[in-house]
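The values are calculated or read from the model by the stated rules, or taken from the named source; none is laboratory data. Because the structure is a prediction, the values reported are computed rather than measured. Cβ placement follows ideal geometry from the backbone for every residue including glycine, while neighbour counts extend to all protein chains displayed. Heavy atoms of the whole protein, side chains included, go into the accessibility calculation; ligands, DNA and RNA do not. Shrake-Rupley method; radii C 1.70, N 1.55, O 1.52, S 1.80 Å.
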Amino acid sequence: MNLIVWRGLLYKWREHCEIEKPAGRLAVKSIVAGTYQGRIYDVSYVLKINPDWCVQEFEIKTEIDGATVILGKKEGEEWIINDTQRPEFQGLRYIDISVTPFTNSLPINNLHMKIGEQRDIDVLYIDILGNELKAVKQRYSRTSKDHYLYENCDSDFSSTIQVDSKGIIKSYPSLFEVVVEK
């Protein structure tokens, strides 16, 4: 089992993330706690990830002005969210949970990009603090052995992120940084 602790820089929080590899797959369990706009929030998530680093199931529990649970399951190309088929998310291979850098590791490990290579991907973006799920386009460009330029194609946001030898986010300037990794 790997344990990673990230510190949130923009939103003051800590994340304790455990990554296990049962039978060649990944199982991720994480707890995020912090403050946003004067409110305390708690988020826990569980991800079931196939050997290609694509999420097959997720469960996200939040406590922000009341409890919320989001359950997602991939069936073929379809996403079932809280027992409802969501055709607007059909074919999306990746998810991005707003309060964690871990989900940026998914496409990085799945795409196996060479230095200088760039890829646009479609993502199910789960905005925890904004209470919204939507499809977005993102771009990853590998700029060195351990650095990627991340760009949100639907906004002007971009950042150069650093990964460790396992492709896990180590530094995401102004947003997240690793405090403990073992």
Q. Could you state the number of Å between the C-alpha centres of segment 4-24 and segment 87-128?
A. 17 Å
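Of the listed pairs Lys61/Lys134; Lys12/Lys137; Lys137/Lys170, which have alpha-carbon separations greater than 25 Å here? Can you show the working numbers first?
Details: Lys61/Lys134 18 Å; Lys12/Lys137 27 Å; Lys137/Lys170 23 Å.
Going by Cα-Cα distance, Lys12/Lys137 fall outside the 25 Å limit.
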Q: Calculate, for the chain, the solvent-accessible area per residue in square angstrom, rolling a 1.4 angstrom probe over the heavy atoms of the protein chains.
A: 51 Å²
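If you take every DSSP beta bridge whose two residues both sit in segment 63-156, what share of them, in percent to the nearest 5, is antiparallel?
Numbers: 23 of 27 bridges.
Among the beta bridges of segment 63-156, antiparallel pairing accounts for roughly 85 percent.
Take the solvent-accessible surface of the protein heavy atoms, probe 1.4 Å, and return the percent of it on segment 1-89 that carbon and sulfur atoms account for. Kindly include the intermediate steps, with their values, before the conclusion.
Working: 2490 of 5020 Å².
Roughly 50 percent of what the probe reaches on segment 1-89 is carbon or sulfur.
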Q) Taking the Cβ-Cβ separation of Thr35 and Glu181 as r and a Förster radius of 35 Å, what is the calculated FRET efficiency to the nearest 0.05? A) 0.90
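So, R0 is 22 Å and r is the distance between the beta-carbons of Val5 and Asp127; what FRET efficiency does that work out to, to 0.05? Display every interim value, and only then the final one.
Details: r = 23 Å, r/R0 = 1.05.
Efficiency for this residue pair is about 0.45.
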Q: Mind sorting out which of (1) 123; (2) 113; (3) 195 is the real volume of the Cα convex hull per residue in Å³ computed from the coordinates?
A: (2)
Q | Using a Förster distance of 22 Å, the FRET efficiency for Phe157-Gln118 (Cβ separation, nearest 0.05) | A | 0.85
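Over segment 56-120, what is the relative contact order in percent, taking alpha-carbon pairs closer than 8 angstrom and at least six residues apart? Before the final figure, lay out the partial values.
Working: 58 pairs, mean separation 10.5, N = 65.
Reported as a whole number, the value is 16 percent.
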Q: State the percentage of accessible surface on segment 113-182 attributable to carbon and sulfur atoms; use a 1.4 Å probe and exclude ligands, DNA and RNA.
A: 45 percent
